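Notes follow the structure.
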There are 2 protein chains.
Amino acid sequence: MVLINGKNNDKVSVFDRGLQYGDGVFETIAYRNGKPEFLEQHLERLFTSCDLLSINFKQQDELLSELALVCEALQQEQAVIKITVTRGEGSRGYFSDNSALPTRIISTHSHPTFPEYYQKDGVLLRFCEQTLSINSRLAGIKHLNRLEQVLARNEWDDPDIAEGIMSDDDDNIIEGTMSNLFIVASDKLYTPVVTRAGIAGVVRAQVIQLATRSGISVQEQIITKKALAEADEVFVCNSVIGIWPVSAISNKLYPVGFITQFLQKALAECDK
Amino acid sequence: MVLINGKNNDKVSVFDRGLQYGDGVFETIAYRNGKPEFLEQHLERLFTSCDLLSINFKQQDELLSELALVCEALQQEQAVIKITVTRGEGSRGYFSDNSALPTRIISTHSHPTFPEYYQKDGVLLRFCEQTLSINSRLAGIKHLNRLEQVLARNEWDDPDIAEGIMSDDDDNIIEGTMSNLFIVASDKLYTPVVTRAGIAGVVRAQVIQLATRSGISVQEQIITKKALAEADEVFVCNSVIGIWPVSAISNKLYPVGFITQFLQKALAECDK
């Protein structure tokens, strides 16, 4: 099902600035147990992202009603809901007087299935050659300019490799192509800062909150390749996969550790 | 007029990767004197850009036929033709097996009108706060990830300011939001390298060629703000505007110099 500005429709104008310039933002939300998970957090990030890009999105009530319609129509127990908001249609050129109605798109997708051992025994990762540009203004925002992730994800097609790790141009570890990354060292949790590159994931924020509440020290900081290599545990997370322990990055092996397992359980139990 | 994959149509699927991720490239071509200007150069850049992004675009003959149709249908003497090629429709996720047909879009737009003095007396520029990220893999390519230009262009709405200058994160001058930039110093021509940030413009390449053929020394190199401030002449160029002399950047004034005027004439006379 696809709703565009409330109408059953799966086509947008070629003059939509989302297509012309990637001028918009999106959210990927897991639908499980009869509801969209972490909906409040996703919507908050969506609205904040629009503000950060000066997209004049006022149709928040309409979006919520449409989201309810989409959920009602869902037949599957599990699904993925994607919300996209663009700056709307515009004439040629980068300038926008923001008089256009932003385009809001809600689409539902089948929930991907992953091998069961991903959650239990962990996944295999690789390092991507494609880097993430440093841009303080755009960092953190889940906007539609995603060519770097596209190029990084298309560096491999080996189905045994679940995710690729991306560094910024200063060679610091930032995140996976579709996930955020955490490491555990001496019983403390660390995750890369995403104020210069990367995306401030909704589940990333949940993990930080859950760890803090449980008395686990969490630091957002620069993570070097050396720190990653020396980590006791590594995991990646996003809204669809939850938390995947990392069992290996290239040839370096990691155990599925206690803190990772603890946070997996804690995450699975929240927002229920 | 809009043709999508050869059909009269101005809507694309919401699942088009151009909309989802800005996963595509575009060309903006001036239609003047009964033909698209620098068509060969634009097409060459388009096809090269597809190759650089591994977009499997084989419909080059179809594109040419459709372009001919579009030109035949044009009523105006002057127009702008935009060609967009995306990686095509895809399922959710950054990975693409490139089995989808790339989407090719040809659209015609009215030619913008600018005050006559722009060409003769020059234009007023400003410096943009929004920077261009450094990314060697994507630099030069006219791809659809253009949020930086959108944010930069929307920093001002004073109609007297014709263009904004963007620097990279190392504070070097790269280009305008929609144009390339040249400076003249001691009768030599300089333009920023676009191998780490920026777009390798078709008219930029023409200017370099015309200058070289006329015995004017041209260097592509790093241009600092200091070098720009000390320049004898400054101009910006793109396919639609041709060459605009720069009369002022913020409060710093520049004369409309001989080399700028010479290149304006040379550019106006080529591809006729």
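Annotations for the structure displayed:
- Counting only strands (runs of 3 or more DSSP E) wholly contained in region A:42-138, the ones carrying 3 or more residues that are within 30 Å of A:Thr260 (Cβ to Cβ) occupy A:79-86, A:123-127.
- For region B:94-121, residues that are more than 17 Å from B:Ile55 (Cβ to Cβ) and either of a type in the set (Ser, Thr, Tyr) or within 12 Å of chain A (Cβ to nearest Cβ) (or both) total 9.
- Positions within region B:208-264 being closer than 15 Å to B:Val123 by Cβ, of a type in the set (D, E, K, R) and touching a strand residue (DSSP E or B) at 6+ places or on another chain (Cβ under 8 Å), in sequence order: B:Glu233
- The residue that is surrounded by the fewest Cβ atoms within 10 Å (Cβ to Cβ), among those in region A:183-204 that are over 11 Å from the mean Cα position of the chain (by Cα) and farther than 22 Å from A:Asp169 by Cβ, is A:Ser186.
- Of all residues in region B:236-254, none are at pLDDT 95 or above, touching a Pro at 6+ places or on another chain (Cβ under 6 Å) and surrounded by 14 or more Cβ atoms within 10 Å (Cβ to Cβ).
- Some residue of region B:16-23 being part of a loop (DSSP other than H, G, I, E, B) and under 18 Å from A:Arg92 (Cα atoms): yes
- Residue match in region B:131-138 (condition: farther than 23 Å from B:Ile199 by Cα and within 14 Å of chain A (Cβ to nearest Cβ)): no
Conditions tested, residue by residue: (1) among the aromatic types (Phe, Trp, Tyr); (2) buried (at least 20 other Cβ atoms within 10 Å of the Cβ); (3) over 30 Å from B:Ile29 (Cα atoms).
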residue	(1), (2), (3)
A:Pro102	no, yes, no
A:Thr113	no, no, yes
A:Asp121	no, no, yes
A:Cys128	no, yes, yes
A:Asn145	no, yes, no
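- Between B:Val12, B:Val25, the distinction of being β-branched (Val, Ile, Thr), within 14 Å of chain A (Cβ to nearest Cβ), buried (at least 20 other Cβ atoms within 10 Å of the Cβ) and under 17 Å from the mean Cα position of the chain (by Cα) belongs to B:Val25 only.
- Of all residues in region A:149-177 being facing chain B (nearest Cβ under 7 Å) and under 15 Å from the mean Cα position of the chain (by Cα), the one that is surrounded by the fewest Cβ atoms within 10 Å (Cβ to Cβ): A:Arg153
- Every residue from region A:134-155 that is out of contact with any Phe, Trp or Tyr (no Cβ under 9 Å at 6 or more places or on another chain) and over 22 Å from A:Leu53 (Cβ atoms): A:Glu155
- The condition of being in contact with a Pro (Cβ under 7 Å, 6 or more places away or on another chain) and polar (S, T, N, Q) holds for only one of A:Thr86, A:Thr108, that being A:Thr86.
- Qualifying residue in region B:1-8 (condition: more than 10 Å from every other protein chain (Cβ to nearest Cβ), farther than 13 Å from B:Ser107 by Cα, without any contact (Cβ under 8 Å) to a residue 12 or more places away in the chain and not aliphatic (A, V, I, L, M)): no
- Subset of region B:47-73 (residues that are among the aliphatic types (A, V, I, L, M), more than 10 Å from every other protein chain (Cβ to nearest Cβ) and touching a residue at least 60 places away in the same chain (Cβ under 8 Å)): B:Leu69, B:Val70, B:Ala73
- Single unsatisfied condition, B:Lys58 versus (1) farther than 21 Å from A:Asn145 by Cβ; (2) charged (D, E, K, R); (3) in contact with a Phe, Trp or Tyr (Cβ under 8 Å, 6 or more places away or on another chain): (3)
The values are calculated or read from the model by the stated rules, or taken from the named source; none is laboratory data. In this text the structure is predicted, and so the values were computed from the model without any measurement. Cβ sites come from the backbone with ideal geometry, for glycine too, and all protein chains shown count toward neighbours.
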